[in-house]
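Structure first, commentary second.
The values are calculated or read from the model by the stated rules, or taken from the named source; none is laboratory data. The structure presented is a predicted model; accordingly, all values stated were derived computationally and were not measured. Neighbour counts run over all protein chains shown; Cβ positions are idealised from the backbone, glycine included.
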Amino acid sequence: MSNHSAQIIQKLWNYCNILRDDGLSYGDYVEQLTFLLFLKMADEQSRPPFNKPSPIPKEFGWDRLAKLDGDELEIHYRHTLEELGKRPGLLGLIFRKAQNKVQDPAKLRRLVADLIDKEEWSSLGTDVKGDAYEGLLQKKRGGRQRRNRPIFYSAPPDPGDRGRHATENGLRTEPAVCNL
């Protein structure tokens, strides 16, 4: 694990502890991080060098959220989650029934401004983001390593396979065990 990964993990975990003191569960913290990171990364992807169209309407975009403070921030974030949950397609599915669980506007501001906004998440390598997520899981487990567990992968069908693992799209899925 890189030093940068370790720093991000520590930063994420410190914020988790701050919010836990306010009664926010670990699951709620990860959920709020997910929503905020989605909004931030959608914004990053709409800028150079990516220049992709943002799936987030401007009025609910990261720029707007990052500029707000206090009750105005909390109200806008809550409204953003509600409105994005009403959108059709994948965006609506991601935000369906999303709620702001960070009730203290000052702590929400710290999460937005000090944690999420200070990183260029889209430019971080997949390994850094994966290390950060795994680091949070490991800290949640009290430092215990994860055991081997089944994962599923897709592969082209084996010509000798008589449909036992076949799926609609012509790929088969079967469990594989690996050390994650």
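Cβ-Cβ distance below 6 Å, separation of 6 or more or different chains: which pairs start in segment 14-28 with a residue that is not assigned by TED's automatic domain parsing to the domain that holds Lys101 and charged (D, E, K, R) and end on one that is surrounded by 12 or more Cβ atoms within 10 Å (Cβ to Cβ) and not in a loop (DSSP other than H, G, I, E, B)?
none
For a quick check of your reading: which helices (runs of 4 or more DSSP H) sit entirely within segment 53-141 and have at least 2 residues that are within 14 Å of Ile9 (Cα to Cα) and either at pLDDT 95 or above or not polar (S, T, N, Q) (or both)? Lay out the reasoning, then the answer.
Details: elements: 62-67, 70-85, 89-95, 105-109, 126-140.
The qualifying helices (runs of 4 or more DSSP H) are 126-140.
Among the residues of segment 6-35, count how many are touching a Cys at 6+ places or on another chain (Cβ under 8 Å) and surrounded by fewer than 13 Cβ atoms within 10 Å (Cβ to Cβ).
Residues flagged as touching a Cys at 6+ places or on another chain (Cβ under 8 Å) and surrounded by fewer than 13 Cβ atoms within 10 Å (Cβ to Cβ) within segment 6-35 amount to 0.
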